[in-house]
Amino acid sequence: MSEEVNVITAILLAGFAQSLVLSGFLYNKSKQLKQFKILMLIHLVFALDLFLVFAGQHNWLSSRLNACWGAIYAILFFVFIRSCIGLMPSKREIMCYFAPWLALNISVIDFLYNPKSTVLSLRHELSGYFLLVIYLYFTIWACVTVRRYRKQQARFSTTLSNENILLLWGICASLFLAISVIPFQYMLQTSLPLPQLLMCCAMYAITYVLLLKPQLLDFKAKQVANTHKEKLYASEDALLAEHILTSLDEQQLFTDPNLNLQTFAEHLAMKPYLLSQVLNHHLGIKFIDLINQRRIEYVCNLIKNQPHMPILTIAMQAGFNAKSTFNAAFKKYRNLTPSEYKSQVLSTG
């Protein structure tokens, strides 16, 4: 039995170390694409999960703080998949995703902190079913999202290769595989952390594949700036999208620092919710990102045409009303600071 414990300990520690290493790798990747911050967070959560399981196996902890963490993986992987296809949820949407999970933890907080002295009741049993519902809900939603992208790729703001899509399907499959071992754990009446052990093995396999084919982590975003010049579907949303982009560019409305979703919708004689819907679902971009992209493009053109004009003056002319906001947006869309970009322009001019 001690030999079995040693093997489990070795797997947990190896998985813990590997998750930390992958987190560092993904942190570097996140400087190129923000989606990988989510993947990095998943590996950090998994590393902590493995450590807590390891500590529980060796009686270092008497609590079960990570008992409800299974649902976290489904939620985070769902957010990651949506971000990869250009449908990154807003902070408010992410809070809504995690609200049921937080409620679940509150409902069994006595068990999480002191499982040995907690008398299990119907409340705890129902919470277990609720955990399963949350996990399956986001896993199935992730599958539906990948399938929708597969059938309607032209409507999204990212271009994924077949290998990228296979990676997303692999994530969905691993989520189903992890939950499939839970019935066996109950049938075998074992205290072994079967889901975590299975996920460790899955992580090893995924890591091996990524080392062989690092291009699987290369997600290419379409250029939204010239979306209105591309051929759009002959639908009502397509016509609205074309009207929105044409109005924005021809009149350079983005240079107004007071422009927001409400005022832009009023200018177009549209309802704000309809404008937001067309931007998010048809063009795959949020209003603030669309405006900031146009402003940064405007700034770059001014720097090229008038390189000796002060950068802050150009930023204000483009519609930014704060230096910090301008610098953050420029760095986000150009991967350079404004000063670095201007230096490049002057050196090549």
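The values are calculated or read from the model by the stated rules, or taken from the named source; none is laboratory data. This one's a predicted model, so the numbers in the text were calculated from it and none came from an experiment. Every residue, glycine as well, gets a Cβ built from its backbone with ideal geometry; the counts of neighbours run over all protein chains shown.
General observations
- Qualifying residue in segment 122-136 (condition: basic (Lys, Arg), assigned to a helix (DSSP H, G or I), modelled with pLDDT of 70 or more and under 22 Å from the mean Cα position of the chain (by Cα)): no
One line per residue, one yes/no per condition, for (1) over 27 Å from residue 30 (Cβ atoms); (2) assigned by TED's automatic domain parsing to the domain that holds residue 83; (3) assigned to a loop (DSSP other than H, G, I, E, B):
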site	(1), (2), (3)
238	yes, no, no
262	yes, no, no
265	yes, no, no
324	no, no, no
333	no, no, no
336	no, no, yes
343	no, no, no
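Conditions (1) surrounded by fewer than 17 Cβ atoms within 10 Å (Cβ to Cβ); (2) at pLDDT below 90, marked per residue:
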residue	(1), (2)
239	yes, yes
269	yes, yes
272	yes, yes
275	no, yes
282	no, yes
296	no, no
313	yes, no
340	yes, yes
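- Qualifying residue in segment 293-312 (condition: in contact (Cβ under 8 Å) with a residue 60 or more places away in the chain, among the charged types (D, E, K, R) and not in a loop (DSSP other than H, G, I, E, B)): yes
- Single residue of segment 117-166 satisfying the filter (touching a Ser or Thr at 6+ places or on another chain (Cβ under 9 Å) and hydrophobic (A, V, I, L, M, F, W, C)) that is nearest to residue 105 (Cα to Cα): 130
- Selection from segment 66-98 of residues that are over 19 Å from residue 179 (Cα atoms) and either part of a loop (DSSP other than H, G, I, E, B) or not assigned by TED's automatic domain parsing to the domain that holds residue 177 (or both): 85, 86, 87, 88, 89, 90
- Scan of segment 271-288 for residues that are among the charged types (D, E, K, R) and free of Cβ contacts under 8 Å to residues at least 40 places away in the same chain, ordered by number: 271
- Looking only at residues in segment 23-39 that are within 22 Å of residue 75 (Cα to Cα) and among the basic types (Lys, Arg), the one that is modelled with the highest pLDDT is 37.
- Single condition residue 46 does not satisfy, out of (1) in contact with a Gly (Cβ under 9 Å, 6 or more places away or on another chain); (2) at pLDDT below 80; (3) within 22 Å of residue 198 (Cβ to Cβ): (2)
- Among (1) without any contact (Cβ under 8 Å) to a residue 12 or more places away in the chain; (2) crowded, with 16+ Cβ neighbours inside 10 Å; (3) of a type in the set (Ser, Thr, Tyr), the one test that residue 263 misses: (2)
- Segment 94-108, residues that are surrounded by 12 or more Cβ atoms within 10 Å (Cβ to Cβ) and of a type outside the set (S, T, N, Q): 94, 97, 98, 100, 101, 103, 104, 108
- Qualifying residue in segment 21-29 (condition: of a type in the set (Ser, Thr, Tyr) and farther than 27 Å from residue 133 by Cβ): yes
- Hey, residue 291 in contact with a Ser or Thr (Cβ under 7 Å, 6 or more places away or on another chain) and either crowded, with 17+ Cβ neighbours inside 10 Å or on the phi < 0 side of the Ramachandran plot (or both) or not: no
- Subset of segment 323-344 (residues that are of a type outside the set (Ser, Thr, Tyr) and out of contact with any Pro (no Cβ under 9 Å at 6 or more places or on another chain)): 323, 328, 329, 332, 334, 335, 336, 338, 340, 344
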